[in-house]
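Here is the structure we will look at.
The values are calculated or read from the model by the stated rules, or taken from the named source; none is laboratory data. Remember, predicted model here, so these are calculated numbers, not experimental data. Backbone-built Cβ (ideal geometry, glycine too); neighbour counts: all protein chains shown.
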Amino acid sequence: MGKLIVISAPSGAGKTSIVHQLLRDIPELSFSISACSREMREKEVHGKDYYFLGLEGFQQKINEDAFLEWEQVYENQYYGTLKSEIERIWSEGKTVIFDVDVVGGLNIKKKYPKKCLSIFIMPPSIEVLAERLIGRGSESDESIKKRLDKAEEETSKNKQFDTIILNDDFVIACKETEKIITNFINE
């Protein structure tokens, strides 16, 4: 059975950008595509960005015990990892890498304590996080406030992860993360 890498962070901390860089630099990694209940956004692709199940479809998968982990992130917005996704990646002989929220990351680590490396990407500050979220230009003020409130709660859980990487310099954060992951894969 293979290994798992969990990358978690508050929204806007840079975890998705770091994961994309790691996937380019470490050929042993394969991305675990999450499932969600929300509608597909413009330019998103089913089976590439997410498995878009809809609310009923997601709840059906919960009833079928098809998830490794799942949670309701916001009201009627569910996200989770399908067990079949892990099996698909391991059958290819690759290491699974997750880009998941903090609770999801900790839940995966609990299920695979020896096979999983959990990494928390730490933003330089809540103020920088706010600037990044505002800079995206894709969210309402209310949505940004919700994400910042959640970020403070998530940041308080960073010590439950195996490693914390400060992302105040993207290139350095990527190099540090890559080194830790490569060592873990080669153990």
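As an exercise: evaluate residue 159 against (1) closer than 23 Å to residue 33 by Cα; (2) in contact with a Phe, Trp or Tyr (Cβ under 9 Å, 6 or more places away or on another chain) and give the number of the one condition it does not meet.
Against the list (1) closer than 23 Å to residue 33 by Cα; (2) in contact with a Phe, Trp or Tyr (Cβ under 9 Å, 6 or more places away or on another chain), residue 159 comes up short only on (1).
Out of 97, 119, 165, which single residue is buried (at least 16 other Cβ atoms within 10 Å of the Cβ), within 19 Å of residue 17 (Cβ to Cβ), touching a Leu at 6+ places or on another chain (Cβ under 7 Å) and modelled with pLDDT of 95 or more?
Working: 119 fails: touching a Leu at 6+ places or on another chain (Cβ under 7 Å); 165 fails: touching a Leu at 6+ places or on another chain (Cβ under 7 Å).
The conditions single out 97.
Could you look through region 105-116, keep only residues that are in contact (Cβ under 8 Å) with a residue 12 or more places away in the chain and not in a strand (DSSP E or B), and pick out the one that is surrounded by the fewest Cβ atoms within 10 Å (Cβ to Cβ)? If you could, list the steps in order and put the result at the bottom.
Initially, region 105-116 is screened for residues in contact (Cβ under 8 Å) with a residue 12 or more places away in the chain, giving 105-109, 111-112, 115-116.
Those still in the list that are not in a strand (DSSP E or B) too: 105-109, 111-112, 115.
Details: 105: 26, 106: 18, 107: 19, 108: 25, 109: 20, 111: 12, 112: 18, 115: 15.
Only one residue tops the list, namely 111.
For region 158-187, enumerate the residues that are among the charged types (D, E, K, R) and in contact with a strand residue (DSSP E or B) (Cβ under 8 Å, 6 or more places away or on another chain). Reasoning before the result, please.
Filtering region 158-187 down to residues among the charged types (D, E, K, R) leaves 159, 162, 168-169, 175-176, 178-179, 187.
Answer for region 158-187, where residues must be among the charged types (D, E, K, R) and in contact with a strand residue (DSSP E or B) (Cβ under 8 Å, 6 or more places away or on another chain): 162, 176.
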